[in-house]
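Student: A single structure is presented below for examination.
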Amino acid sequence: MHVLRWLVKLFAHDVLALPSRALVALWVGALLALPAVYPDPYVLRVVTLTALFAIFAASWDLLAGYSGQVNFGQALFFGGAAYCSAILSVRLGIPAPLAVVAATAFAALLGLASGYVCLRMRGAYLSLATLAFPLIALGVLLAVPGVSGGELGLAGVPRLASHPVGNYYLAVLSMLAVVFGLWKLGNSRIGLVLHAIRDDELAARASGIHTPRYKLGVFALAAAAAGLAGALLAHYMRVAAPFLLETVLSFQAVIWGIFGGIATIYGPVTAVFVLYPLTEWIGGFQGFGERRTLVFALVVLVVLLVMPRGLVPWLRDRIETLCPRCKERNPAWRSSCRICEATLAPADRPRAQQVSPSDS
Amino acid sequence: MLQDIIVTTLVNGSVYAMLALGFSLVFGVARIVNIAHTAFYMLAAYAFYTLFAKAGVPGVAAGVLAVALVTAAALACYRAVIQPVRQHESAVLIATIALALIVQESLLYAFGGHYLGVPSTLEGAFRVAGASVPWQRVLIFLVGAAALVGMWALLYRTRLGLAIRSAASDLEIASLLGMNVHRVTAAAAVLAAALAALAGVIVAPVFVVDPFMWLAPLVIMLAIVVVGGLGSLGGSVLAAFLIALVEALTVFAVPAGAFLKGAVALSIMIVVLWLRPEGLFGVAYEEER
């Protein structure tokens, strides 16, 4: 009873106090209730895939957004783990859950290896070097078709759960756990250190931060998250194919991340939940199917020209203001801060770039 | 086999050099990582196909027209898409990726996804040391070499070249000294697009033309630019021939080499970067804060 009252209080006072938190609560509730309310197999399939790609996008954001290691080869971890899990379960007959765990660990090793190679590289050099990793892996895999299945990929990967609802909950719960974990990490002391490394690595080192250790750690963690998503995807689609390692998939992570707003975790996740179902839905129309990538690129381009910092930070600045005195967030319609009661003048919005008349 | 390796190296090397030089130029001046660079190369190949094979325009005129059209299109894209978001480095990146995807999808829609065959502009071949070399490939090498020499003359013997080089070495100081850096940046973008378009036109009769032909050269071009040192023009040209040689050696001398040629070229890039993080000829410039 006490716990219940505490939860209700938390919900009313902390979650509903900010529109963004209320929206997140609504989103989580909708995701958990979906199979009971609307058990359409097609919708469940789209949301399952969306959830897996959301993990992938969030893992890219941890690496690129927080620590500034703008990785153009995130597909290496995704596809590497997918192939690892598929090879373990199809060729060696290891049970599927065990294969997923092993593949996640393998992805973390891949992350450590690429992080080690990239330790001294910076900026564009790092991006362009990482772009090469998945292509090297793909070349090696295609050269040994006996193991990898060649151009067609490795089919017949066993499902983790036999029922679609089981697979749905597996994907959605993993997504919620990973995303909230990464978001918590980003707001913790470690996240602060990563911000420092991104903004000025030299100054971070001068302040006594062992930057190589943090960089390797964040590479391994982001790789493990992406690898979990990739392994789950291989078991869900029942195939590990070369498209999992292609440049387009790495670019996809970059697009989701920047479109949603980097260094936020929730931005890329929102971007996936907006863009992936949107392109699926557009692809369902007669005659539009072949043009969905075109529509996707156009939407991204137009949104980017309007809001260069990404979709979610732009939206958040519209519905929330920052208190000038205590730096706490407030709903945009309040005239005084909900914590310290300082006056919230519309002109004091520090992060809003352009204040249009519709704001006030 | 040795002759094959030499010919392939020279031909692919000059194509890579033209692509890498343009990319390096734009990166040096404007710090723009232009993923859409090879999309213009592909666009030029398609423009040449339409003009030469479909509309029946004679070879040289079709080539010149295709280069001019693609360069104009590239300038328009630069003004409309890249310039408005230039201050946001990540936004530039994704804008150019989106641009490349738009080009790819438009071509896929207009021409379909199958390979297009462009008829040769030059027939015949000559024999040297027992190997038969088609004139078409000699043409690629000659045009490439001429373009590189012309580019060198432009950069080191004209006022525009001086402006571009000074903007590349320090954009702010160049601006303080009274240069119109916007125009210099646009000039560099135009030169880069023209080089890419020329490369696209001359390879169209030899390579396959399809809507995904921009991806493979993009990755190799990025590897070359990084190996040569970002912004170093001479380094890019040298690295282009180096990577082309490595690719040719892999294809002709290693079993299953066709699958591995990209992997070997990219591994070389990673080894070079590991030993020298600023590339072979790059300058470890002061970190911009």
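Student: B:W274 label point, 7 Å along Cα→Cβ, cut-off 14 Å on backbone N: hits in the stretch A:88-120?
Tutor: Inside the label zone: A:112-120.
Student: At 222 nm, what value in deg cm²/dmol follows for the protein assembly as shown if DSSP H runs of at least 4 each add -39500 (n - 2.57) and the sum is divided by all its residues, to the nearest 500?
Tutor: My calculation for the protein assembly as shown gives -22500 deg cm²/dmol from helical runs alone.
Student: State the answer as a single residue: which of A:F72, A:Y214, A:L34 lies farthest towards the positive end of the charge dipole of chain A, with beta carbon charges of +1 for Lys and Arg and -1 for Asp and Glu, about the Cα centre.
Tutor: Positive-end residue among those listed: A:Y214.
Student: Students often get this wrong: which residues of the stretch B:208-246 have the backbone nitrogen under 14 Å from the point 7 angstrom along Cα-to-C-beta of B:H114?
Tutor: B:209-211
Student: What stretch of chain B, leaving out the sites themselves, is the longest with no GluC sites (Glu not before Pro) in a DSSP loop having at most 10 other Cβ atoms within 10 Å?
Tutor: Answer from the scan: B:124-285.
Student: Now for a different question. Applying a 10 Å radius around every beta-carbon, put A:221-231, A:325-335 in order of their mean neighbour count, most first.
Tutor: Peptide ranking by packing, descending: A:221-231, A:325-335.
Student: To continue, here is another question. Return the FRET efficiency for the residue pair B:F126, A:R122: r is the Cβ-Cβ distance, R0 is 60 Å, and the value is rounded to the nearest 0.05.
Tutor: 0.80
Student: Over the stretch A:37-269, what relative contact order in percent results from Cα pairs under 8 Å that are six or more residues apart?
Tutor: 44
Student: Next question. Search the structure for amide H atoms under 5 Å from the amide H of A:T321, placed 1.01 Å from N in the peptide plane, and list their residues when 5 or more places away or on another chain.
Tutor: Under 5 Å from the amide H of A:T321 lie the amide H atoms of A:N330, A:A332, each far enough along the sequence or on another chain.
Student: A further question follows. So if I place +1 on the C-beta of Lys and Arg and -1 on the C-beta of Asp and Glu, and nothing else carries charge, what would the dipole magnitude of the protein assembly as shown be about its Cα centre? I want it in debye, nearest 20.
Tutor: Using only the charged Cβ atoms, the result is roughly 880 debye.
Student: If we restrict to alpha carbons, what Rg and Dmax does the stretch A:1-73 come to, in Å?
Tutor: Cα radius of gyration and Dmax of the stretch A:1-73 are 17.0, 50 Å respectively.
Student: Further question: Looking at the P(r) of chain A, how many percent of alpha-carbon pairs lie beyond 39 Å?
Tutor: When every Cα pair of chain A is considered, 18 percent fall beyond 39 Å.
Student: For chain B, what value does the Rg/Rh ratio take when both radii are computed over Cα atoms and Rh is the Kirkwood radius, given to two decimals?
Tutor: 0.96
Student: Please find the FRET efficiency linking B:L162 to B:H88, where r is the Cβ-Cβ separation and R0 is fixed at 22 Å, and quote it to the nearest 0.05.
Tutor: 0.15
Student: Using alpha-carbon positions, what is the distance between the centroids of the stretch B:1-65 and the stretch A:301-339, in Å?
Tutor: Here the two parts' Cα centres lie 45 Å apart.
Student: Right, something else. Relative to the longest principal axis of the C-alpha atoms of chain A, give the angle of the C-alpha long axis of helix A:96-117, reported between 0 and 90° and rounded to the nearest 10°.
Tutor: Computed tilt is about 70 degrees.
Student: For A:R205 and A:V3 in one chain, what is 0.36 nm times their gap in residues minus the Cα-Cα distance, to one decimal in nm?
Tutor: Answer, rounded to one decimal: 68.3 nm.
Student: Under 21 Å from the Cα of A:K327, which lysines turn up, not counting those fewer than eight places away in the same chain?
Tutor: Of all the lysines, those that pass the test against A:K327 - Cα under 21 Å, at least 8 places apart if same chain - are A:K184.
Student: Tell me the angle of helix A:189-199 to the major Cα principal axis of chain A, expressed in degrees between 0 and 90 and rounded to the nearest ten.
Tutor: 80
Student: In percent, what relative contact order does chain B have, based on Cα pairs under 8 Å that are 6 or more apart in sequence?
Tutor: The value is 35 percent.
Student: What residues of the stretch A:166-196 lie in the reach of a label at A:D14, counting those whose backbone N is under 20 Å from a point 7 Å from the Cα along Cα→Cβ?
Tutor: Under 20 Å, as judged by backbone N against the label point of A:D14, lie A:176-192 of the stretch A:166-196.
Student: Using +1 at the Cβ of each Lys and Arg and -1 at the Cβ of each Asp and Glu in the protein assembly as shown, identify which of B:V208, A:A224, A:L249 lies farthest towards the dipole's positive end.
Tutor: A:A224
Student: Also: Can you tell me which of A:40-48, A:118-126 comes out highest on packing, and rank the rest after it, using the mean Cβ neighbours within 10 Å?
Tutor: The packing order, highest mean first, is A:118-126, A:40-48.
Student: Express in whole angstrom the spacing between the alpha-carbon centres of the stretch B:183-238 and the stretch A:73-106.
Tutor: So the separation of the two Cα centres works out to 37 Å.
Student: If you line up the long axis of helix B:135-157 against the longest principal axis of chain B, both from Cα atoms, how many degrees apart are they, to the nearest 10?
Tutor: With both axes taken from Cα atoms, the answer is about 20 degrees.
Student: Also, quick follow-up: When you count, for each residue, the other Cβ atoms within 10 Å and take the mean per peptide, how do A:56-63, B:142-149 rank with the highest first?
Tutor: In decreasing order of mean packing, A:56-63, B:142-149 become A:56-63, B:142-149.
Student: Per-residue Cβ counts within 10 Å, from other chains only, averaged over B:105-116: what number is that?
Tutor: Across B:105-116, the average partner-chain Cβ count within 10 Å equals 2.
Student: Mind giving me the FRET efficiency for B:L75 and A:F243? R0 is 30 Å, r the Cβ-Cβ distance, nearest 0.05 is fine.
Tutor: Calculated transfer efficiency: 0.30.
Since every read-out is calculated from the coordinates, none of them should be taken as a lab result. On a predicted model such as this, the values are computed, not experimentally measured, just so you know. Here the Cβ is made from the backbone with ideal geometry for all residues, glycine too, and neighbour counts use every protein chain on show.
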